C-alpha cells in the first residue's frame, strides 16, 4: 500500500467493518514505516454516511495524524451536513479528528 489511502466509493454503514479493517491495517503499516502524516483521498466516494465519517474521526482519537488530500462532492456534502467541515477547510493542513 502506498502512503495515500483511497476511500472506496461506498463508505457507509454497509461497508463499515471492511472499511475499518482496511483503514486500520493501512494506518498501522504506515506508522510502522515511520510516516507521521498520513494522506487520505475521498475523491472516489459516491456514498457516505455518519458511520463512514466516524471511522475517519477515530483515527484522530488514536493520535494518528492525517490529512484529507481530495474530496468528492458527496464527501464534501456529508462533511458539511454532519459537522466535519473543519476537514474541508484544512485540505492542505494536518487533521487529527473532529
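FYI, it's all coordinate maths here, none of it is from the lab. Note that the structure is predicted; figures quoted are calculated from it, not measured. Cβ: placed from backbone, ideal geometry, glycine included. Neighbour counts: every protein chain shown.
Hey, what angle do you get for helix 16-32 against the long axis of the chain, alpha-carbon based, 0 to 90 degrees rounded to 10? Around 30 degrees separate the two axes.
When Rg and the Kirkwood radius Rh are both evaluated on Cα atoms of region 15-72, their ratio Rg/Rh stands at 0.94.
Taking the three principal axes of the alpha carbon atoms in the chain, the coordinate ranges are 34, 27, 21 Å, sorted in descending order. The long axis of helix 73-82 is offset from the longest Cα principal axis of the chain by roughly 80 degrees. In percent, rounded to a whole number, the relative contact order of the chain is 30, using alpha-carbon pairs under 8 Å and six or more apart. If you line up the long axis of helix 50-61 against the longest principal axis of the chain, both from Cα atoms, how many degrees apart are they, to the nearest 10? Computed tilt is about 30 degrees.
Working from label points 7 Å from Cα in the Cα-to-Cβ sense, the residue 46 to residue 25 distance is 2.4 nm.
Residues within the reach of a label modelled at residue 88 (point 7 angstrom out along Cα to beta-carbon, backbone nitrogen below 19 Å), restricted to region 32-70, are 40-57, 67-70. Of all beta bridges that DSSP places with both ends in the chain, some 10 percent have antiparallel geometry. Ranked by the mean number of other Cβ atoms within 10 Å of their residues, highest first, the peptides 18-27, 41-50 fall in the order 41-50, 18-27.
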